[in-house]
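Inspection log for the structure reproduced underneath, given as structure tokens.
Read-outs throughout are calculated quantities, based only on the coordinates presented, and are distinct from any laboratory measurement. Owing to the predicted nature of the structure, the values given are computational and were not obtained by experimental measurement. Positions of Cβ are backbone-derived with ideal geometry, glycine not excepted, and every protein chain shown enters the neighbour counts.
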Amino acid sequence: MSHRNRLPVIQDAPGEAVGAGTSRRDFLRNAAAGAVLAAVAGCKPEAVVEELQRRHLSELSPERLQSMLGKLEKKWSAKYGKEVTVSAKGPMPGVNFAYGLDLSRCIGCRRCVYACVKENNQSRKNPQIQWIRVLQMDKEHGVALQHATPYYDPEKVPEAGHFYMPVQCQQCRHPPCTKVCPVKATWKEPDGIVVIDYDWCIGCRCCTAACPYGARKFNWAEPNLPAAEMNPVTDYLGNRPRPMGVVEKCTFCLQRTRSGRYPACVEICPVGARKFGNLLDPESEIRQVMDRKRVFVFKEELATEPQFYFFYAT
Amino acid sequence: MKFPSWRALLPLAAALLAAPLAASAEDIQAQPPPFTEGIFPCSQCHDKAGDPAPRQLAFHDEIQGGFKHGAPDRWCLECHDNGKRDFLHLINGKKVPFTESYQLCGQCHGDKYRDWKVGVHGKRIGMWNGKKTYFLCVNCHNPHNPRFKALKPEPPPIPPQEQGR
């Protein structure tokens, strides 16, 4: 199991010194940077070199990571006209997150969808990106996707004869999406959250195709995030602004949950259908749900083993 | 003169009522009960016990008219205390402040009460690993008409074909 959580780390020379005892890898990287530099006149040379020399997140030294986050903070503070913070908190030890959703309570009001968009800085329209999709299903057929639609729009919900099933990233224990990523831009963290490094993503969308839940969304155009609505409290692997051409998805609001807060969708839900907590803590709400109610996971037959549980409290 | 002074004291009264709650063994920190503005404390009008016979009321008729919680077998004094007007009472006669109304609800809805106490029923906000704000039963369910009301949904997603894809 543990090998699934770790990325292969290519060891650097001590101190990450480029130049001193230059390896073949470093030499090639620098040569490539130089070639691009020659081609890109007018750009800040150091910035271009640095971007091209960037390593995978798991290989970055703490100092390098801090300086990278600092630069992003500066860039976005200027762009959005407010003080933007970019953390890279990392998982809390002894925590494995899980989510519970009470299908007997959900009324399909979509408050969660829009709270999520607001919290996580999704593109508002063109492209419209929403990490939560609420499916309306027939009571007659049960959980059956051939009888589901996300486009219901009545005057009032819930409608008679229907129930509602919000679907977002299921944070699988065996995520098909991370397996197919050709560049290791997405991986599962020890606290259970499947994350994406938007700067490492090459936009091939293999993960989007691999996900059986339709949880991954692609920025087909430059995201449209109005400065006034931008949430300035961000995390590098969470809700920071994304560029065009990368994939994004629900991260259990890691910028909130890794500081102990509830996800935004939990706090907005007017019927209290959404439960969240630490699977390793027997007193947590999610464990209470699992102890008292019968839970199921979506598309169990695929053996993705989601950390997202549906249940019927009544 | 009497009325405005009571209204001014309302937040204080709510805070005083909430104080013993936060310190109770269960450590339940709840949102204040959703009173109609100016209605609490009840003793500002009801200074002594009234006629306990069920009847059509002239005042509070909007509550009585919309009452849908075990009607017609119950009326006000099944839950509200006739002697101490600012309290509710349990079936055994124990007085319960409005901030602990969940005790009253739990008399009949024991399964929901058990679930609510551990966070399976109801809603909590704040920290998943620390301080939380709990909601009382009455913050979501109108005690006189508890069925959850239908809501207008937020707009549906834009289908891909309408986004030029």
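A Förster radius of 22 Å, combined with the Cβ-Cβ distance separating A:GLN53 from A:CYS204, puts the computed FRET efficiency at roughly 0.45.
With each label modelled as a point 7 angstrom along the Cα→C-beta vector, the A:LYS299-B:LEU90 pair spans 4.9 nm. When only the Cβ of Lys, Arg, Asp and Glu is charged (+1, +1, -1, -1), the dipole of the protein assembly as shown relative to its Cα centre reaches about 440 debye.
Among the trypsin sites (Lys or Arg not before Pro) in the range A:275-314, those placed in a DSSP loop whose Cβ has at most 12 other Cβ atoms within 10 Å are A:ARG294. Roughly speaking, what is the centre-to-centre gap between the range B:25-78 and the range A:88-163 when only Cα atoms are used, to the nearest Å? Spelled out, the Cα-based centre of one part sits 37 Å from the other. Taking a ≥ b ≥ c as the square roots of the eigenvalues of the alpha carbon gyration tensor, the range A:83-314 is rounded, as a/c is under 1.5. Please state the relative contact order of the range A:131-182 as a whole percent: Cα pairs under 8 Å, 6+ residues apart? This gives 44 percent for the range A:131-182.
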